[in-house]
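The values are calculated or read from the model by the stated rules, or taken from the named source; none is laboratory data. Predicted model, so just to flag it, every value in this text is computed and none were measured. So basically every Cβ, Gly included, is an ideal-geometry build from the backbone, and we count neighbours across all protein chains shown. Accessible surface is based on the protein model in full, side chains and every heavy atom, while ligands, DNA and RNA are left aside. Shrake-Rupley method; radii C 1.70, N 1.55, O 1.52, S 1.80 Å.
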Amino acid sequence: MSLTAKPVEEAVLDAQSRHVVPLSGGKDSTGLAIYLRQNHPDVPFEFVTSDTGVEVPEQYEYFDRLEHVLGQEIVRITALDMLEVEEKHGRTPFDVLLYDYYSGFLPSPRSRWCTRMLKIHPFERYIGGDKAYSYIAIRADENRAGYVGGGKPALLSEEPNITPVYPFKDDGISIEDVKRILDDSGLGLPKYYEWRSRSGCYFCFYQQVGEWQGLKERHPDLFEKAKSYEQGKNGRKYTWVDGRSLSDVEKMPRRAVKAKSDDDGCAICHL
């Protein structure tokens, strides 16, 4: 199968394929899940999230509420399934990868192993060799290059059996439409938008200084945990913020959080 996108009206008619909607916990993928359920109620959509174990707490609460709106369970997959590692208390999928596979080397914009190992590969393992459509929440009013870059639209996978579908682009859905869908469903926007501009891990290296400061204010325990990751192993130190440690960040004057642009960050984690 080609990676050329399939129009949503054609994809939903394919009864021989799986219909998978990846959820990041962001407003766009959440809005898409509701939109698809409302407009194609007879399609057996699979709503799936790849859980890193280190998402912001508000995001987990948002997923619980979304399940009630959809009337369907959200399938939660993790890298532990892929690695065939048993889940243990206090040992997140991120921690297993960080310490057992990457020797404590933190991910960064230049070495984004977290997206590949925590999001993409678990998703591909979940689908396996089945023919499937991946419904991606790129809106009609944005233009993201996504994870693969090179001017391509955002993809969650380049596997040939997984065909991307962009319902919002096909149907001309804008940011205002997404907000309306969320409001009309009774779900609204995630609460984390009160202090950060994106979904994803609480220590995401794409965060602005103001978002790190918001994390310290809202979840001081998680801020301290993020600081502890910077110590590294064997005396090596890494920083989440380029050129600054989190100890430096917490001493800085409070900064406002700017709205993120379409090209800021990783589309896979932040849609």
At 222 nm, what value in deg cm²/dmol follows for the chain if DSSP H runs of at least 4 each add -39500 (n - 2.57) and the sum is divided by all its residues, to the nearest 500? -9000 deg cm²/dmol
Considering the zone a paramagnetic label at D171 would reach in this model (a point 7 Å from Cα along the Cα-to-Cβ line), which residues of the stretch 33-62 have amide N under 19 Å from it? 33-48
Under the rule rounded for a/c under 1.5, else prolate if a/b exceeds b/c, else oblate, using alpha carbon gyration tensor axes a ≥ b ≥ c, the stretch 16-55 is classed as oblate
Given the Cα-Cα distance of E158 and Y60 and 0.36 nm per residue of separation, how much length would full extension add, in nm? 32.5 nm
Hey, what's the chain come to in accessible area per residue, 1.4 Å probe, Å²? 45
Need the list of aspartates and glutamates near K227 for cross-linking: C-alpha distance under 12 angstrom, and skip anything on the same chain fewer than eight residues off. D248, E250
Going down the table (K27/K88; K88/K179; K179/K251; K6/K179; K179/K225), which pairs top 27 Å between alpha carbons? K27/K88; K88/K179; K179/K251; K179/K225
Apply 1/(1 + (r/R0)^6) to the Cβ-Cβ distance of D81 and V241, taking R0 = 30 Å, and write down the FRET efficiency to the nearest 0.05. 0.45
When we measure straight from the Cα of K258, which aspartates and glutamates land under 14 angstrom away, once same-chain ones fewer than 8 places off are left out? E194, E211
